[in-house]
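Visitor: Right, I'll just put the structure down here and ask away after.
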Amino acid sequence: MGRSFYRWRAFRWVSLWDGRQWSARYVDGLPAFPFHHAPSGLLTRRQLRERGLCPGGQEPYALLVWRRDEAWASLYRLDLAKPKRTPTAGQRRALAKAMAARRTCRACGRDVGYCVPTSTRTCSTCEQPEDLADDMTEGVTGREAA
Ligand SMILES: [Zn+2]
């Protein structure tokens, strides 16, 4: 329900921040563009990240819509984007700690120097069939470990 039932006939011309006129629908008060038809200069958070940028405090300027209105993403102005902050010392420490946790065997408590299986959290020496829940390190370090 909700957004996915939005009517395509609701397209209208909108004036962009740089004076261009673009065809868009209005959804939740924001112009919404179909995938591949968004004006240049607007990027999703992911596209900004790929360029080493972040929205930098700006509100979403528009929405990107695809997959028959099933998928949505906020669009931000590239000209207002800011360089992504480099991790602070505290964030680097937290990451190192998370990595160490992934290498620590739950059974013997040693940092075994490699990532122990998330299913058991034990090193190969004291491998147990016990299924321990994934608690804290997944997501933060999953990509680096892959
Ligand atoms: Zn062990």
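The values are calculated or read from the model by the stated rules, or taken from the named source; none is laboratory data. Since the structure is predicted, the reported quantities are computational estimates derived from the model, not experimental observations. Quick reminder, even Gly has a Cβ in these numbers, built from the backbone with ideal geometry, and neighbours come from all protein chains shown.
Visitor: Please tell me if residue 84 is touching a Gly at 6+ places or on another chain (Cβ under 6 Å) and either at pLDDT 90 or above or more than 30 Å from residue 125 (Cβ to Cβ) (or both).
Guide: Numbers: touching a Gly at 6+ places or on another chain (Cβ under 6 Å): yes; either at pLDDT 90 or above or more than 30 Å from residue 125 (Cβ to Cβ) (or both): yes.
Yes, satisfied.
Conditions tested, residue by residue: (1) without any contact (Cβ under 8 Å) to a residue 12 or more places away in the chain; (2) of a type in the set (A, V, I, L, M); (3) crowded, with 17+ Cβ neighbours inside 10 Å.
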position	(1), (2), (3)
44	no, no, yes
53	no, yes, yes
58	no, no, no
63	no, yes, yes
68	no, no, no
75	no, yes, yes
83	no, no, no
88	yes, no, no
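Visitor: Give the residue that is farthest from the ligand (Cβ to nearest atom), with candidates limited to residues of the stretch 96-130 that are assigned to a helix (DSSP H, G or I) and exposed (fewer than 15 other Cβ atoms within 10 Å of the Cβ).
Guide: 96
Visitor: Further question on the same structure: Being out of contact with any Leu (no Cβ under 7 Å at 6 or more places or on another chain) and farther than 26 Å from residue 21 by Cα is true for just one of 47, 91. Which residue is that? Walk me through how you get there before you give the answer.
Guide: On the way: 47 fails: farther than 26 Å from residue 21 by Cα.
Criteria check complete, one pass: 91.
Visitor: Checking the conditions here, which among 51, 85, 92 is under 30 Å from residue 117 (Cα atoms) and away from the ligand (no atom under 16 Å from the Cβ)?
Guide: On the way: 51 fails: under 30 Å from residue 117 (Cα atoms); 85 fails: under 30 Å from residue 117 (Cα atoms).
Being under 30 Å from residue 117 (Cα atoms) and away from the ligand (no atom under 16 Å from the Cβ) holds for just one of 51, 85, 92, which is 92.
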